[in-house]
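Here is the structure we will look at, set down as structure tokens.
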Amino acid sequence: MRDFISIIYHTVYEVASVPALFLLSILSRLSRRKYDVGIGPEPLINNIYHKKALSLKGYRVFTFVKLIYYITSEFDVKLFSKNRIINALKYKILYLDYLYLIFNVKSIYIYFQGGVFLYSKFLWRVEPYLLKAAGVKTVVMPYGGDIQSFDKTPNLLFKHAHSKDYPAHRYNRRRQEKKMELWTNHASHVISGCDWVDYMYHWDTLMVSHFSINIDLFANIKSCPRNSNSFRILHAPNHREIKGTQFVIDAVDNLKSEGHDIELVLVEKLTNTEILELILSVDLIIDQLIVGWYAMFAIEGMLAGKPVICFLRNDLLNLYRSKGLISPTEPPLINVAPLNLKEELRELILNKDKLSDYSKRGFDYVSRVHSTASIGSKFDRINRSIGIHPSQQHVA
């Protein structure tokens, strides 16, 4: 009963706040905004790389978050408080997080969950209109769970895996779809890529993905010590079903029973620095076997010069190759369907020389497609197309 009353109270309060928020949004146009771009509020490590990518092009950028995951906490502005009363006062009653943004930024890069009102009861419905009233441009891009509606994907194995890892997702589907339609229709610019194209009906820019990384990431990372000379494989799932972890475990166990000297390093919920240290200590990386495209873990592996196994769907390969985003031999990943993993691993263990070509091509591919310099150039073109220009001289 208390939760129901709280929902009613916050909904009524938010609706009543709309006129004042619109007035403040309009008044914010008179402010001298300090930043060209704000990036958030999802606490994704990619936001940190996006900040560097834009900074290289001369944009003043800050990252903001509503909460923090275990991977990293290196964000500029944390729009929350550990004190629940202060948190409610500042962000649910006075809306200081929203006011901070509109008086300080010219544009924001967000995901389809929304901006600072992503957890609100009503205000998420009017957030694009409020930002337009404030003259704040919006670049919206997906990360995965913010757009995935599984009545749209042709990937049945992914649909099954997602149901296992996130059974509660079914209850949020309608709100999620409304948010995607809202931002698709009202954002200043929409980005797509990866397998996200399955769920989206419009985009202004298509990328292989917007994932970005510092090419000197491993310069100060030390490898974890090895305890043996076994062929060492690293797999680091953040959700086991979706990553195909059981296929990895079964394949390695079967190969061990055949007498192969193989070691599986299976880790979860480590910091990014810990993962990078492990990457340097292994012979092979297995990213994800279900989704049909690659993500940050594979990019980190390629950057480190490690061969990476990942399942890549043919229709997605055809899309990105036909649009000239990658060459006919890219990406330099070992493309393996989950049911073929054991046979492919056996072949690689017996013929390790096959791994060297992937190791050599990985770094060059990441430098060209996913470096902060490359993504920064793409973001710069997008910004200029919506009227946002860098306020500083660019670095590169």
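Just so it is clear, none of the values below were taken in a lab; they were calculated from the coordinates. Treat the numbers as computed from the prediction; the structure is a model and nothing was measured. Methodologically, a virtual Cβ is constructed for each residue, glycine included, from the backbone with ideal geometry; neighbour enumeration extends over all protein chains shown.
See the values below:
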quantity: Overall dimensions of the stretch 290-396 by Cα: Rg and Dmax, Å; calculated: 16.9, 56
quantity: Lysine pairs meeting the criterion (Cα under 23 Å, 8 or more apart or interchain), as found in the stretch 231-367; calculated: 16
quantity: Tensor-based shape of the stretch 231-367 (alpha-carbon gyration tensor, a/c under 1.5 rounded, otherwise prolate or oblate); calculated: rounded
quantity: Counting DSSP beta bridges with both ends in the chain, the antiparallel % (nearest 5); calculated: 5
quantity: For the stretch 300-351, projected area of the alpha-carbon convex hull averaged over all directions, nm²; calculated: 4.3
quantity: Sequence ranges 210-218, 20-28, ranked by mean other-Cβ count within 10 angstrom, highest first; calculated: 210-218, 20-28
quantity: Computed over the chain: relative contact order in percent, which uses C-alpha pairs under 8 Å that are six or more apart; calculated: 19
quantity: Alpha-carbon centroid distance for the pair the stretch 8-44 / the stretch 137-201, whole angstrom; calculated: 24
quantity: 22 Å Cα-Cα threshold exceeded, pairs from LYS152/LYS178; LYS51/LYS222; LYS51/LYS378; LYS121/LYS178; LYS57/LYS222; calculated: LYS51/LYS222; LYS57/LYS222
quantity: Overall Cα dimensions of the stretch 168-320, principal axis frame, Å, largest first; calculated: 56, 35, 31
quantity: Relative contact order of the stretch 231-367, defined on C-alpha pairs under 8 angstrom at six or more residues apart (%); calculated: 26
quantity: Which labelled figure in (1) 19.6, 58; (2) 21.8, 63; (3) 22.3, 72 is Rg and Dmax of the Cα atoms in Å, once derived from the coordinates; calculated: (3)
